[in-house]
1. Given the chain, what whole percent of its Cα pairs are spread farther than 22 Å?
2. Counting only helical runs of four or more DSSP H residues, what would the 222 nm mean residue ellipticity of the chain come to if each run contributes -39,500 (n - 2.57) and the total is spread over all its residues?
3. Taking only Cα atoms, what is the 0 to 90° angle, nearest 10, from helix 58-74's long axis to the longest principal axis of the chain?
4. Return the FRET efficiency for the residue pair residue 60, residue 32: r is the Cβ-Cβ distance, R0 is 30 Å, and the value is rounded to the nearest 0.05.
5. Treating only the Cβ atoms of Lys and Arg (+1) and Asp and Glu (-1) as charged, compute the dipole magnitude of the chain about its Cα centre; round to the nearest 20 debye.
6. How much accessible surface does residue 2 have with a 1.4 Å probe, in Å² rounded to 10?
7. How many Lys pairs in the chain lie less than 26 angstrom apart by Cα atoms, where the lysines are 8 or more positions apart or on different chains?
8. For the chain, what is the relative contact order in percent, using Cα pairs closer than 8 Å and at least 6 residues apart in sequence?
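The values are calculated or read from the model by the stated rules, or taken from the named source; none is laboratory data. In this text, all values refer to a predicted model and were calculated from it rather than measured experimentally. All Cβ positions, even for glycine, are placed from backbone atoms using ideal geometry, and neighbour counts span all protein chains on display. For the accessible areas, the whole protein counts, side chains as well, though only heavy atoms, and no ligand, DNA or RNA atoms are used. Shrake-Rupley method; radii C 1.70, N 1.55, O 1.52, S 1.80 Å.
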Amino acid sequence: MEDSIFTKIIKREIPSDIVYEDDDVFAFKDISPQAPVHIIIIPKRQIPTLNNLEDQDSLLMGKLIIVAKNIAKSLNIAEDGYRLVFNCNENGGQTVFHIHCHLMGGRKFSWPAG
Ligand code: AMP
């Protein structure tokens with residue numbers, strides 16, 4: 001599989017503003033923020049879409065959510081609230097085919113999403 005742009009970011013081949021890293025998970029600031037806080041949280045393993053997840057990925061995906069929560073707390077947006085978004089394929093608006101969670105906060109979001 002060809003490296004995704006996010007794998008290139010993990011490998012430091014493309015610069016990013018890194019927020020968090022461990023053995024399995026990586027997080028960096030979105031280059032085109034849609035909110036005062038907009039962080040992208042990804043598994044280091046390149047999984048193209050949510051449709052490619054398997055049962056054994058449940059721990060990894062759970063870890064992704066825990067990292068998102070911890071970042072939200074560390075950036076002081078947890079109490080006011082925030083939004084986590086996973087886009088999948090065309091109708092979901094996915095443009096980078098490496099599973100990622102958008103952590104957005106620092107403003108109020110409307111619902112239902114447009
Ligand atoms: P999605 O549309 O859900 O696939 O989201 C992809 C996100 O990746 C968008 O919000 C982009 O702004 C963001 N993005 C794309 N390239 C980069 C980059 N080089 N550094 C940081 N964020 C990026």
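1. 30 percent
2. -6500 deg cm²/dmol
3. 40 degrees
4. 0.70
5. Value, rounded to 20: 400 debye.
6. Rounded to the nearest 10, the figure is 150 Å².
7. Lysine pairs, 8 or more places apart or on different chains, close enough: 20.
8. 29 percent.
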